[in-house]
Amino acid sequence: MTDSTASPTDAFPTTASPATGPEPTPTVIELDSPPDLTPMLARVAAGALPLPGRGGSKGDRTLPDTTVVLHDATVDLDHLASYAEVCGFRLGSTLPPTYLHMLGFPLSVQLMTREDFPFGLMGMVHVANRITQHRPVGIDETLELTASVTNLRPHPKGQQMDNVVVATAGGVPVWESTSTYLKRGSGADEDAPTGSVDVEVATLPLTGLWRVPGDIGRRYGAVSGDRNPIHMSGLTAKAFGFPKAIAHGMWTKARALAGLEGGIPAACEIDVAFKLPLLLPRTVEYATQRTDGGGWAFGVRSRDGKPHLAGTVTPRA
């Protein structure tokens, strides 16, 4: 899954044709436990194979009106500890802002590997992520998670859509995530807005240096379940056009937010745009700056100033 500019950063490599058919019928899939990622990711690996119902012109593409609901979701404290370690967070009584992405990820994959999803997950590029934290979420809370895909629209390089996950407690939203994915190819509109975060990463004040190890993709993949081959090793990454393995975009976001711990407002929006791939291993610069109203601008860049991630933290009332 990856960036919206040059080469892919978090891409499930390869392609598949879009779907045809009438307007989607609303569907709700209710779960009492998280879906198993293993068989779903096996289908992703076979995503280049044509499936029944795939094919057609760009005008026929529609997103399914499907919602996946996971009831009574709770946090496994050992998993939380592993996540905190690999991303650099401290353990406390509330969850890191990015942690619920782990619980929602299997729901998102289930939606995007169904036969009624009009694109193969192989080749989808994760270009941006917005997290809205309405309040800190306690580590012992029981939540309901819902996931859906929506807002198919043009992008200068193809088409983009949003994968939305919402966590509620007692029927009240406490956390939301919108992950924007790009499908390169037909449907492109060079004038279409990309929604990129308005941060000039090269000019932000330097906060510190990260030495990102070569195994961070495997370590984060073990925690997140996202074992995309472009993150696992140089050998598997080369098979998909990358010179080396690359870091997960959501690991980079989490690691950047770990550097702001103690300074993130209780209620906030955290926007990032994923830029150039972060090849592993690599030393990169971490840059941050306070903004008006108690927010932050932050970024991760190479030593020559090229951006890997641009982000903002904006307080909410």
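The values are calculated or read from the model by the stated rules, or taken from the named source; none is laboratory data. Note that this is a predicted model, so its numbers are computed, not measured. With ideal geometry, Cβ positions are generated from the backbone for all residues, glycine too; neighbour counts draw on all protein chains shown. Accessible surface areas use protein heavy atoms only, side chains included; no ligands, DNA or RNA. Shrake-Rupley method; radii C 1.70, N 1.55, O 1.52, S 1.80 Å.
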Which condition breaks for residue 170 when tested against (1) in contact (Cβ under 8 Å) with a residue 12 or more places away in the chain; (2) closer than 30 Å to residue 95 by Cα? (1)
Considering every residue within segment 183-192, establish whether at least one is part of a strand (DSSP E or B) and open to solvent by less than 20 Å² (accessible area, probe 1.4 Å). yes
The residue that is least open to solvent (accessible area, probe 1.4 Å), considering only those in segment 258-308 that are among the acidic types (Asp, Glu) and assigned to a loop (DSSP other than H, G, I, E, B), is 261
Filtered residues of segment 236-254 (kept if assigned to a helix (DSSP H, G or I) and either touching an Asp or Glu at 6+ places or on another chain (Cβ under 8 Å) or open to solvent by less than 70 Å² (accessible area, probe 1.4 Å) (or both)): 236, 237, 249, 250, 251, 252, 253, 254
Selected residue [more than 30 Å from residue 262 (Cβ to Cβ) and of a type in the set (Gly, Ala, Ser)] from 158, 104, 138: 158
The lone exception for residue 124 - which of (1) at pLDDT below 95; (2) in contact with an Asp or Glu (Cβ under 8 Å, 6 or more places away or on another chain); (3) buried (at least 22 other Cβ atoms within 10 Å of the Cβ) it fails: (2)
Could you tell me which numbered condition residue 155 fails, if it satisfies all but one of (1) surrounded by fewer than 16 Cβ atoms within 10 Å (Cβ to Cβ); (2) within 19 Å of the chain's Cα centre (by Cα); (3) not hydrophobic (A, V, I, L, M, F, W, C)? (1)
With respect to residue 311, determine if the residue is out of contact with any strand residue (DSSP E or B) (no Cβ under 8 Å at 6 or more places or on another chain) and either modelled with pLDDT under 95 or crowded, with 23+ Cβ neighbours inside 10 Å (or both). no
Quick check on segment 6-29. Is at least one of its residues assigned to a loop (DSSP other than H, G, I, E, B) and at pLDDT 85 or above? yes
Looking for whichever is open to solvent by 50 Å² or more (accessible area, probe 1.4 Å), under 30 Å from residue 38 (Cβ atoms) and at pLDDT 95 or above here; the options are 146, 150, 178. Which one fits? 150
Residue 137 being touching a Lys or Arg at 6+ places or on another chain (Cβ under 7 Å), aliphatic (A, V, I, L, M) and at pLDDT 95 or above: no
